[in-house]
Each structure stands twice: as C-alpha cells, then as structure tokens.
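Reviewing the structure listed below.
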Amino acid sequence: MAAESHCQSKSTESCDELEVVLTILHFNDVYEIRERSEDPVGGAARFATAVKQFQHLNPLIVFSGDCLNPSLLSTITKGKHMVDILNKLGVNCAVYGNHEFDFGVDHLEEMVAQTDFPWFLSNVYDRFTSDTLGHGVVSRLVRWRGLDIGLMGLVEEEWLDTLGTVDKENLLYVDYVSVGRQLASELRSQGAELVVALTHMRWHNDARLAAETAGIDLILGGHDHEYGVREVNGVPVVKSGSDFRFLSKVDVSRRAGGGFHCAVQKVPVERRLVEDPAIKLIVDGYNNNVEHMLDEVLCQIEVDLDGRSTTVRREECILGNLITNAMLEATHADVALLNSGTLRSDTVHQAGTLTMHDLLQILPMQDPVLVVEATGQQLYEGLENSVRNYPTLDGRFPQVAGMQFGFDPQGPPGNRVVLNTIKVQGQDLNKDKTYLVAMKEYLTKGKDGYAMFLDCRKTFDIENAPTLSTILINHFESGKIIHGLKTCRSGHRMSLIKASISPSVSAVERTPRGKTALVVTVPGVEGRIFHVTRDSQSEAGT
C-alpha cells in the first residue's frame, strides 16, 4: 500500500532501530460514508479494510470527532448510521466534535449510549448538570499492550459559538492548556507512561497546546480536514484528513534514554482496497432504506405552505417566514436573509402532515448557514440586489426575518428600495451600524449578485456551520420540547425556541389518528416585504 512515513522526533535514532510497543490507528471528521470518484476514494467499507490490515498489531483505534452530522443521510438518520459504522470499526475511544451536538444534547447522549467506546470531553462543563457537556469522560488511564496510557479530550472555545442547540451561557469553558497541564500531571501520578490528548480544534490551538503543556506526548487532532503531521516542542501533532480517505498509523517506540518516539504512516484509502462486507452491508442498508426513512413525520402544519416559484420568488410568503425565523433563532443574528432560489419544491404543501420527504423537497441541498457582520449600507445594497430583477422569477429575491422593507417595483433596478422603510428589529436602519446577518454560505461568496457581502467578517467558519435543513429539524424538535410533547433531559431545550415566548412558532397538542403530534402555527404574511410608490411611500400591496 502506498504510504508516507514521518519520523516525529528530534532524536537521531532511526525508526527501524526502535522496538514498537504500541500502534495507534487514528482518523477524524467523517461525514460521507460512500466513496468519492477519485483516489483516495475513501468510503467507510474500504476504510474498514485499511484498518483490518493492521489488526494483527492489536492497535488502539482513536477517533477525533465529528461524525453525526452534516450529510444528507445524517439529516435523515440524525447520525445513527455512523454509530453502527464506528462500532463495527472497533473504535476504542473518541473525543466530541462540534457537529456531535447538531441535533441536541439529548440526542447526542442517546447515540453515545449506543456506542461501544467512551467519548472524552475534558474542558467544557454543563451548568445544568455540573458535569462535562454530554457527560464526556474527563480522563482515563488504560493499559494497552502492556503500556499504561493516559487519555484526555480537549476542544477549543471558538466552536462553542457554533453550537446551534446549546446556549453558550449555559456552559463553563476552561482553557485547554490549563486543563491539559492538570490532567497530564494527574495521569502521570496515576502511573501513565504515555499521555495522549485527543483534540478537536484548529492547528494553531493544537500547536499552543503542544508548546505550553508539559507532560503530553502525542496530540491526535480533528476539526481541520486536511491531512498533516507536525512536531511542536517535540510533540507530534497528527490530523488524518476527512471522510474516511486517510488513516494514520502511529507506531510508538521507547527511546533507549527514556521517553517515546512516534513514527506516523499516512495510509490512503484507495479504490484498489476491497470493500469490507460487514461495513458495506451497513452502508447499503441505510442507503437502500432512505425512502422508508423519509416518511418520518416532523410536525403538523395548520396552513398550506406555498413553495411555488411564482410565489417564493416574487413576494413574502409563509414558507419563507417559517424558514428565516428558524435561521434567526438558531444563529441569534439580527437579520436572516435567504435567497428564494433555495426553496426548490415548486409545489403547495397542503396543511397537515409535514414529513422529512417534504422538507428535503423544499431544501434538497446541504446549505451551510453562516453569520456575517454587515454594515447597514451593505444590508441596504443587498436588498437593492434582491429586488433588482423583480418581477422576473429570479432566485435572488429575498425571504427575510428580523427586518422589513418596502420597494418600488416600477423604480429603476438598483434604486428600488425606499431607505426609510427599512427596519431592523423594529428600529430604522442605520447605514453606519454593524448588524449580524444570517445567510447561506452561497451568498457570502457573492452568488446571486450579493457581492456586497464578500468581504464581510464571518463569526464562524464553514466547517462549523449548521445546515439549513438541520436548523429546520431542530426547530420542530424544540417546539415539541417546549410544548411538552417530548421530554428534555439535558435542559438545553435545543436552544432554539425559548420557553417564555417565541417570535416564530406556537404549538398545541393534537391527536390525529390517536397520536399526539406537534402542530406548528407558522407565521403568516406580516408585511416584511411590501410595495411602495416612490412618491407616496405608502403600501401598495404584498
């Protein structure tokens, strides 16, 4: 098998002269279980074969976070398929990634209870439980192949801001360096010979951990998706790519003068590897049963949801208000701006049962939602762009939440929005003020003419972003919790709909066909987008 070898040590000792006392297999950030078209193709089934070729070494198999979301299949299964795959791979331990929390703390703990291995999280505490978030393991001493190994799981503070289902105010974050120092010392006192930190954070944070924390011998990281091995302050830091495309084989040897030497082999998962039949059965089983899973009922809707292009691309609509309200609540932004080309079903969804199939008809693409810092001037320019081609059925036409504005459909393109009609959170737009605007990544790239947002600062990066479909699923789940149709064990209530009052959803209990279900009363057409004449600036219709 083609591979790259890295001898991570400042010592001049040859890797071949040292006796390997432990082999660790490492991977991180897996979302897609099916293979790609080009090598390394990855895919869970071929990855399993790559793992099995080292089975005779009795390796410690370590995963550094992010598997339950995002992917199209995860939208449907909420990551259950990944639990089955990681168990079958024989994973021995893992650290939580930020996307493990995408469907809420309760759901995460349900999934963790089904895994055959412990999940670590050492430096984030839940104020509801006074325990670590998700009841992650703080540290553990394990004996493997006669070696006493100390393990911990550390994460960066930055990705706590991206947890759409957890309010940061309900968390206590402790700096990973201070926790790393403390745990390394404790594990050494308990007899640990080798101390390994499993992390889910960016390279610069892993580098700081290595530079400022004595006692850690090896850092196995995630969160970054590109493969890499670096040495910082004599400590190897390993990132193993993403999507089952690479596996890292870390051979740990004792140095004659004391301490350990780590040699890292990069193992690409290529097409020539035979698919493991047990994992392939899991992959095919989920993919072949997607249609059945799409029948899942998300909620009951009391009114028709008009998703026709002739509606969503020309006027404020109920469907657009429902989705942008959910965006606003999930991101805590001031404004949500959605290009109507996102809404793809081109049909009227009749009042009654809303299923997963309906949702994926409306939102078939895996669209990450970001929050950007935009000035009032940029927001004004964005609105001008949004209506410049009206009344053509242009996908740039907006659906909005947290704001309202009027435009003159007879005005010249680029000069249609009437400035003094624009209100953000009930206040007149201030062109010099900076607002937090939730939008799809697509718009942050200047697509659909939204070039004014290209240089806006993003409050978090794309890899931390929730997808739009996940936001809607969590929106409905939160409604069930608030209205007592679903028990919330963690106390976090999905962090989307507040218990006191919601600006977007109300719900009651109903029993169709003998079953209690969430009935969502969606916001109506509220005058968020309206017509004015330039002279009178009066409402001319919606």
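Numbers below:
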item	result
Principal axis dimensions, the stretch 4-288 - Cα atoms, whole angstrom, descending	55, 49, 30
Cα-based radius of gyration of the stretch 96-255 once divided by 2.2 N^0.38 Å, which approximates compact folds	1.02
The stretch 4-288, relative contact order in percent, only Cα pairs under 8 angstrom and at least six apart counted	29
Compactness index (Cα Rg / 2.2 N^0.38 Å), the chain	1.06
Nitroxide proxy distance, nm - points 7 Å out along Cα→Cβ at Glu373 and Glu226	2.5
Formal net charge of residues neighbouring Asp276 (Cβ-Cβ distance under 15 Å; K, R +1; D, E -1)	+2
Computed Rg/Rh of the stretch 307-400, alpha carbon atoms with Kirkwood Rh	0.97
Beta bridge orientation in the chain: antiparallel %, DSSP, nearest 5	70
Per-residue Cβ neighbour rank within 10 angstrom, fewest leading, Asp84, Asp39, Asp367	Asp39, Asp84, Asp367
Helix-only mean residue ellipticity at 222 nm for the chain, each DSSP H run of n ≥ 4 adding -39500 (n - 2.57), per residue, nearest 500	-7000 deg cm²/dmol
Rounded FRET efficiency, nearest 0.05, which uses the C-beta distance separating Ala256 from Thr487 and R0 of 56 Å	0.45
Sorted by Cβ neighbour density within 10 Å, fewest at the top, the residues Phe260, Phe54, Phe103	Phe54, Phe260, Phe103
Net dipole in debye of the chain [+1 Lys, Arg Cβ; -1 Asp, Glu Cβ; about Cα centre; nearest 20]	280
Cα coordinate range in the stretch 269-350, projected on the principal axes (Å, largest first)	53, 30, 23
Percentage relative contact order, the stretch 100-154, counting C-alpha pairs under 8 Å, at least six apart	29
Sorted by Cβ neighbour density within 10 Å, fewest at the top, the residues Leu294, Leu328, Leu322	Leu294, Leu322, Leu328
The stretch 399-438: C-alpha gyration tensor shape, a/c 1.5 cut-off, then a/b vs b/c	prolate
Whole-number D in µm² s⁻¹ for the stretch 226-273, Kirkwood Cα-pair radius fed into Stokes-Einstein, 37 °C, 0.692 mPa s	271
Shape call, the stretch 423-467: gyration tensor on alpha carbons, a/c limit 1.5	prolate
Residues in the stretch 400-428 that a label on Thr533 would reach, taking backbone N under 14 Å of a point 7 Å out along Cα→Cβ	408-411
Signed unit charges on C-beta, dipole axis of the chain, positive-most listed residue Pro398, Thr75, Ile279	Ile279
The chain, relative contact order in percent, only Cα pairs under 8 angstrom and at least six apart counted	16
Two-site FRET efficiency, Thr353 against Glu212, from Cβ-Cβ distance with R₀ of 60 Å, rounded to 0.05	0.65
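The numbers here are math on the coordinates, done by the rules we state, and not lab data. All values derive from a computational prediction rather than experimental measurement. With ideal geometry, Cβ positions are generated from the backbone for all residues, glycine too; neighbour counts draw on all protein chains shown.
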